[in-house]
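A.B. asks: Below you'll find the structure I mean.
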Amino acid sequence: MSNVQDQIDKIEAEMARTQKNKATNYHLGTLKAKLAKLRSELLNGPGGKSAGSKDAGRGFDVTKSGDTRIGLVGFPSVGKSTLLTTLTGTRSEAAAYEFTTLTCIPGTMKYKGARIQVLDLPGIIEGAAEGKGRGRQVISTARTCNLILVVLDAGKPLTHKKIIEAELFSFGIRINQVPPNIKIVKKEAGGIGYQEMTPQTKGMNAEVCRMVLKEFKISCAEVILREDVTVDQFIDVIEGNRAYIPVLYVFNKIDSITIEELDILDQMPNYVPISSRDEWNLDELMEEIWNKCNMLRIYTKPKGQIPDYDEPVILHSAKNPTVEEFCNRIHKSLMNSFSHAWVWGRSAKHQPQRVGKDHELMDEDVVQIVKKAG
């Protein structure tokens, strides 16, 4: 594999010294496509599965439970085990030396009626995506999470943050991104069809598209770009195995830094400062976890009874979910006998409102399902 790494190093060096402009788009696109293939080969061997596929880098065997799953990822000794214990009550061995946690420790916390599974993953180090320090197991398990908490030592966050981001990226995790709006349909014949639904300003064009597809041995396909995308995003769609996962940065041990240092951290986006040892600011952390996971509570109301406020149905949706999604979350067969629903809450125009399956629900709505007669 050293030969593959040598090729990767040469390509990265060539990319670093190549000026980025319209004249070099084609050349840089070629290099990026070659680099993606070599990285996949380095991680999985020649002809192996691509980084992030189900067979590549088996994660820890932890059964999913609860309404959502979050993973604690970070360097050794940043306080992940203490945070797990504080949030869930699950004891995870903690000590002031590296690699205290050698396997994945699960726990469950309850918040706003939701049961949230929290995984304390072993500390990762630089080179994790290549397998160093159980890194591939850690990152493979992180791919199964609805949210990743990158736990950082507040005293030295930036260096560790960049390394962890690079390791997650190498293993096919795209943090705080959504899949690009690109459609690629392979064909038996007819060459490459290329359409831009919006002007491309980030390096993509028909020539670069055809060159990248050629590197991946795709000679016949229809390509439609529905938004302005980069070459890297185009390669991600071709490989088709990326995980788009929200990430929240948790700066731990703020009890060990000064107010001035905390003011500097406050300029960072998408982060929560905490002290897991002293239990500082955990309410804000749990609220941010709730928001990042796009969780909504929908209460059920059997006919003639009061709503069940103790056990809400938890839905995940960046937009308001429909009554049909709610029914499918309860049981896949429920829609077969669905007639209509009565809804109380913010989504209803009047209390209650009779609605169909396409009605969009809002947090803390109450829903009563009415089945077809007979």
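The values are calculated or read from the model by the stated rules, or taken from the named source; none is laboratory data. These figures come from a predicted structure and were not determined experimentally. With ideal geometry, Cβ positions are generated from the backbone for all residues, glycine too; neighbour counts draw on all protein chains shown.
A.B. asks: Please state which one of ILE298, ILE314, ILE306, ILE289 is assigned to a helix (DSSP H, G or I) and of a type in the set (A, V, I, L, M).
C.D. replies: Numbers: ILE298 fails: assigned to a helix (DSSP H, G or I); ILE314 fails: assigned to a helix (DSSP H, G or I); ILE306 fails: assigned to a helix (DSSP H, G or I).
Only one candidate qualifies: ILE289.
A.B. asks: Could you list, in sequence order, the residues of segment 126-145 that are modelled with pLDDT of 65 or more and within 20 Å of ALA36 (Cα to Cα)?
C.D. replies: GLU126, GLY127, GLY135, ARG136, ILE139, SER140, ARG143
A.B. asks: Out of (1) surrounded by 13 or more Cβ atoms within 10 Å (Cβ to Cβ); (2) of a type outside the set (Lys, Arg); (3) in the same structural domain as ILE124 (by TED's automatic domain parsing), what's the single condition that is false for THR159?
C.D. replies: Against the list (1) surrounded by 13 or more Cβ atoms within 10 Å (Cβ to Cβ); (2) of a type outside the set (Lys, Arg); (3) in the same structural domain as ILE124 (by TED's automatic domain parsing), THR159 comes up short only on (1).
A.B. asks: Moving to a separate point now. Just checking, how many residues over segment 316-364 are within 19 Å of PRO302 (Cβ to Cβ) and hydroxyl-bearing (Ser, Thr, Tyr)?
C.D. replies: Result for segment 316-364: 3.
A.B. asks: Of the residues in segment 211-244, how many are of a type in the set (Gly, Ala, Ser), in a loop (DSSP other than H, G, I, E, B) and either under 26 Å from the mean Cα position of the chain (by Cα) or assigned by TED's automatic domain parsing to the domain that holds ILE148 (or both)? Full working, then the answer.
C.D. replies: If we filter segment 211-244 for residues that are of a type in the set (Gly, Ala, Ser), which is where we start, we get 219, 221, 240, 243.
Checking which are in a loop (DSSP other than H, G, I, E, B) leaves us with 219, 240.
Those still in the list that are either under 26 Å from the mean Cα position of the chain (by Cα) or assigned by TED's automatic domain parsing to the domain that holds ILE148 (or both) too: 240.
Within segment 211-244, residues that are of a type in the set (Gly, Ala, Ser), in a loop (DSSP other than H, G, I, E, B) and either under 26 Å from the mean Cα position of the chain (by Cα) or assigned by TED's automatic domain parsing to the domain that holds ILE148 (or both) number 1.
A.B. asks: Ok, one more. Filter segment 237-260 down to the residues that are over 30 Å from ARG226 (Cα atoms), surrounded by 13 or more Cβ atoms within 10 Å (Cβ to Cβ) and of a type outside the set (Val, Ile, Thr) and list them by number. Steps first, please.
C.D. replies: Going through segment 237-260, the residues over 30 Å from ARG226 (Cα atoms) turn out to be 249-260.
Going one step further and asking which of them are surrounded by 13 or more Cβ atoms within 10 Å (Cβ to Cβ), we end up with 249-254, 257.
Within segment 237-260, TYR249, PHE251, ASN252, LYS253 meet the criteria.
A.B. asks: Those residues that are touching a helix residue (DSSP H, G or I) at 6+ places or on another chain (Cβ under 7 Å) and part of a helix (DSSP H, G or I), I need them from segment 13-34; list them, please.
C.D. replies: If the condition is that a residue be touching a helix residue (DSSP H, G or I) at 6+ places or on another chain (Cβ under 7 Å) and part of a helix (DSSP H, G or I), then GLU14, MET15, ASN25, TYR26, LEU28, GLY29, THR30, LEU31, LYS32, ALA33, LYS34 are the ones that fit.
A.B. asks: Listed residues THR159, THR144; which is among the polar types (S, T, N, Q), under 23 Å from LYS253 (Cα atoms) and either out of contact with any helix residue (DSSP H, G or I) (no Cβ under 9 Å at 6 or more places or on another chain) or assigned to a helix (DSSP H, G or I) (or both)? Walk me through it before giving the result.
C.D. replies: Values: THR144 fails: under 23 Å from LYS253 (Cα atoms).
So the residue among THR159, THR144 that is among the polar types (S, T, N, Q), under 23 Å from LYS253 (Cα atoms) and either out of contact with any helix residue (DSSP H, G or I) (no Cβ under 9 Å at 6 or more places or on another chain) or assigned to a helix (DSSP H, G or I) (or both) is THR159.
A.B. asks: Another one. Go through segment 265-315 and give me each residue that's polar (S, T, N, Q) and over 14 Å from LEU152 (Cβ atoms). Walk me through it before giving the result.
C.D. replies: Residues of segment 265-315 that are polar (S, T, N, Q), as a first pass: 267, 270, 275-276, 281, 291, 294, 300, 305.
The answer is GLN267, ASN281, ASN291, ASN294, THR300, GLN305.
A.B. asks: Moving on to the next point. Can you tell me which residues in segment 346-363 are in a loop (DSSP other than H, G, I, E, B) and crowded, with 18+ Cβ neighbours inside 10 Å?
C.D. replies: In the first step, residues of segment 346-363 are kept if they are in a loop (DSSP other than H, G, I, E, B); the result is 346-352, 356-359, 361-363.
Those that are in a loop (DSSP other than H, G, I, E, B) and crowded, with 18+ Cβ neighbours inside 10 Å: SER347, ALA348, HIS359, LEU361.
A.B. asks: Determine if segment 48-58 includes at least one residue that is at pLDDT 70 or above and surrounded by 14 or more Cβ atoms within 10 Å (Cβ to Cβ).
C.D. replies: No, the conditions are met nowhere in segment 48-58.
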